[in-house]
Structure formats: C-alpha cells, structure tokens
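The values are calculated or read from the model by the stated rules, or taken from the named source; none is laboratory data. Just so it is clear, the structure is predicted and the values come from calculations on it, not from any experiment. For neighbour counting, all protein chains shown are included, and Cβ atoms are generated from backbone atoms with ideal geometry for every residue, glycine included. We work out accessible area using only protein heavy atoms, side chains counted, and drop any ligands, DNA or RNA first. Shrake-Rupley method; radii C 1.70, N 1.55, O 1.52, S 1.80 Å.
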Amino acid sequence: MKKEIKIDSEDLINAFEDHSDSFEYFLDLENGNVVVFPKDSSEDEFEEEPAESEGYNREIVENNPGRFIYVDPIESNESFEIMEDFTSTLSDDVIKDKLISALSKRKPFRHFKDALYDFPAVQKEWYKFHEEEMEKIAYEWLEAYNIKGELIRKYYVEDKEKE
C-alpha cells in the first residue's frame, strides 16, 4: 500500500496555473514537495553548479523518474470556466454584469481580477471559490496518477491568525 503524501495545495495550484513558460514543476512522490526549475535548461556559462530548487537539482529529478511526476499547467480554458462558474453563482446583477463584461474583453483574466478589486467582499468569495475548484482539479490529477495524497495549506494557520 502506498503511503499518503502531504502536498502544499498552494504550491501545486501555482504549478497548475503557471502558463508563463518560464518554469517546470515536478511533484516528489516521496515527500509531496513541488519542485520548480527555470525552464531554460541552458546553463549560464559563468554558473559553476546547475540550478537547484530547495536541495533538488535537475540531475536528481532526471535520474529518478519513478519518484517525480511532471506537473503540466491546466489549460487556460479551464481557468476561464472557473471564472464563468463563479460569476454564475452571483445574485447581484450589477456585479455579475461587470464580471461578465470583463470576461468578454481582450485579456479577460486581467480584466476579471481588476473588476473584482472594486468589490472586496466578492473578491474574497472569488478566492475561496477559486481555491476550492483548483483543489478539486488537484485531487482529480492525483487520482489520475494513482497518487494517494492530501492537500494541506502550509500557511493556513498563519493566515488565520492575521485575520
């Protein structure tokens, strides 16, 4: 029986949502760490050692294919659907219309976040909704790889104390 690994939900969600093409993410099946490396694998000619990520380096990841799984970002249309789904839950027609309008513009992600800025209470609801939806995606992803994992919020206790 596989041991259950604890995975920082924020780290995994960041990996799913990073469409920058600048980084590669891997899940360490031994301890649940999400390892990140710059995507440009060409080493700087002045750099003496390869890039490391919290004690990991590419050689460790490449030489242990059964231990690490590459984390692909989700498709941007999935992220867009999450925003649409959230918008459909709103009862205030003025706010709903502003968010729908934001989603119809060029650069909808940016406009959506900008529109939410005007409605702090709704923005807070959005962050909760978004996190829950992304955690569902993360659990589906873990299940697809037959990984027994538990998502944890590493900084959750600290965040609660600040509120």
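At a glance:
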read-out	value
In the stretch 66-163, the trypsin sites (Lys or Arg not before Pro) that fall in loop regions by DSSP, at most 13 other Cβ within 10 Å	K105, R106, K148, K154
Mean Cβ count within 10 Å, highest first, over the residues of peptides 74-83, 138-147	74-83, 138-147
Cβ-derived FRET efficiency at R0 35 Å, S88 paired with S22, nearest 0.05	0.60
Contour minus Cα-Cα distance for K128 and E140 (0.36 nm per residue)	2.5 nm
Convex hull of the stretch 91-151 built on C-alpha atoms - directionally averaged projected area, nm²	5.4 nm²
Protein accessible area in the stretch 74-130, 1.4 Å probe - carbon and sulfur %	52 percent
